[in-house]
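Down below is the structure, laid out as structure tokens.
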């Protein structure tokens, strides 16, 4: 009475555009990811060591966001600006223009870091949280290791030139994913195009966001630029269109103009060459499965996670989904009992396998009903 059942499910295409053949990105190292599926669409020496420059400030912000989320820090908390922090605003670095002795809120420091790329704000925040910038850098590196940034070390909070402050575009991508997933509301701050600081001893100063993609009509909403003479120009960027997000990281662009142009080209390549397929949503039943000796004839089944797959446009017909189980399933059944397997197959190759779960309880019928059903099955083959 057991059988293997394979069901081909109609997949929901949630994004589609015209395709181009390939792309040549003029940059030393780069990576492109489709955020929901997690799949890498392009990479060029992704594990090559880089100096992350101001992309370091993404982690500086994350440390603060994590503390705010845990209740150990408030946006209204104020930190006193040290001479060390102030000196960066007078040394030609990108600055928020805070002054020694200023009491600046965490919120303003974060906006000064994210929008104005203020190195002075980084040190003020780092010292306020950890006591010294050196101790804060230890927190940054520890967090990097925790989230899977295997080839990264942070030695300062701003990304100013230091051989011990290094990473890879792959690790910057991991960090960007963490920011977007864990702090979606704060991530919106990375789309702000300007920040005004009412500085001490002078008129308010308004600075624009240095991310050039925010000023293009391509759906960009973050995240951070960088520049060092030894590294040239870098950019972690993200665009979101029709519910689909792409994240790109590049380092070693020769000029500001090429950083903007080549980053746009890379993101456009992802949009125009690949489709994002929604295979499963965790809050929706997938199908009904026959039940044996249950008070219900069927049980709804589901997979408890969202599943997406990114595929080349010419290949989307090669994607299919298979439900595999031995059925009918004998009652009693409890919610979240494993019923079978949910398999994703692409070009006849298994690319994903997930537990197929019962969406609800099914009680067993009483002994008299079980006897009648058993007799019917023996005589008629009717379950």
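Quick one: which residue in 72, 164, 76 is touching a residue at least 24 places away in the same chain (Cβ under 8 Å) and in a loop (DSSP other than H, G, I, E, B)? I'd like the intermediate steps shown before the answer.
Details: 72 fails: touching a residue at least 24 places away in the same chain (Cβ under 8 Å); 164 fails: touching a residue at least 24 places away in the same chain (Cβ under 8 Å).
The match here is 76.
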### Task
List the number of the failed condition for residue 44; all other conditions in (1) surrounded by fewer than 16 Cβ atoms within 10 Å (Cβ to Cβ); (2) within 28 Å of residue 150 (Cα to Cα); (3) without any contact (Cβ under 8 Å) to a residue 40 or more places away in the chain hold.
(1)
### Message
Testing residue 268 on (1) buried (at least 20 other Cβ atoms within 10 Å of the Cβ); (2) at pLDDT 95 or above; (3) outside the structural domain of residue 41 (by TED's automatic domain parsing), one condition comes back false. Which one is that?
### Response
(1)
## Note on the structure
Of all helices (runs of 4 or more DSSP H) fully inside region 169-288, the set with 2 or more residues that are over 22 Å from the mean Cα position of the chain (by Cα) is 256-273
### Summary
Of the residues in region 163-199 that are out of contact with any strand residue (DSSP E or B) (no Cβ under 8 Å at 6 or more places or on another chain) and loosely packed, with under 14 Cβ neighbours inside 10 Å, the one that is modelled with the lowest pLDDT is 198
### Query
Of all residues in region 47-69, how many are touching a strand residue (DSSP E or B) at 6+ places or on another chain (Cβ under 7 Å) and either surrounded by fewer than 21 Cβ atoms within 10 Å (Cβ to Cβ) or not in a loop (DSSP other than H, G, I, E, B) (or both)?
8
### Query
Which of (1) closer than 30 Å to residue 53 by Cβ; (2) buried (at least 18 other Cβ atoms within 10 Å of the Cβ); (3) in contact with a helix residue (DSSP H, G or I) (Cβ under 9 Å, 6 or more places away or on another chain) is the odd one out, the single condition residue 256 does not satisfy?
(2)
### Query
Of all the residues that make up region 71-124, how many are surrounded by fewer than 24 Cβ atoms within 10 Å (Cβ to Cβ) and either more than 15 Å from residue 195 (Cβ to Cβ) or not assigned by TED's automatic domain parsing to the domain that holds residue 55 (or both)?
24
### Message
Looking at 258, 251 in this structure, which one is more than 27 Å from residue 184 (Cα to Cα) and at pLDDT 95 or above?
### Response
258
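Take residue 303 and tell me if it is touching a strand residue (DSSP E or B) at 6+ places or on another chain (Cβ under 6 Å), crowded, with 18+ Cβ neighbours inside 10 Å and under 17 Å from residue 353 (Cα atoms).
Here the answer is yes, as residue 303 does meet what is asked.
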### Task
Test residue 160 against the stated conditions and say whether it is under 13 Å from the mean Cα position of the chain (by Cα), in the same structural domain as residue 57 (by TED's automatic domain parsing) and buried (at least 16 other Cβ atoms within 10 Å of the Cβ).
no
### Task
Please report, ordered by residue number, the helices (runs of 4 or more DSSP H) entirely within region 95-158 with at least 2 residues that are touching a residue at least 60 places away in the same chain (Cβ under 8 Å) and closer than 17 Å to residue 85 by Cα.
106-114, 119-130
### Task
State whether the residues of region 229-249 include one that is without any contact (Cβ under 8 Å) to a residue 60 or more places away in the chain and out of contact with any strand residue (DSSP E or B) (no Cβ under 8 Å at 6 or more places or on another chain).
no
#### Entry: Residue check, residue 317 surrounded by fewer than 16 Cβ atoms within 10 Å (Cβ to Cβ) and closer than 30 Å to residue 216 by Cα
no
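The values are calculated or read from the model by the stated rules, or taken from the named source; none is laboratory data. Everything quoted here is computed from the prediction, not taken from an experiment. Positions of Cβ are generated from backbone atoms using ideal geometry, with glycine treated the same way; all protein chains shown enter the neighbour counts.
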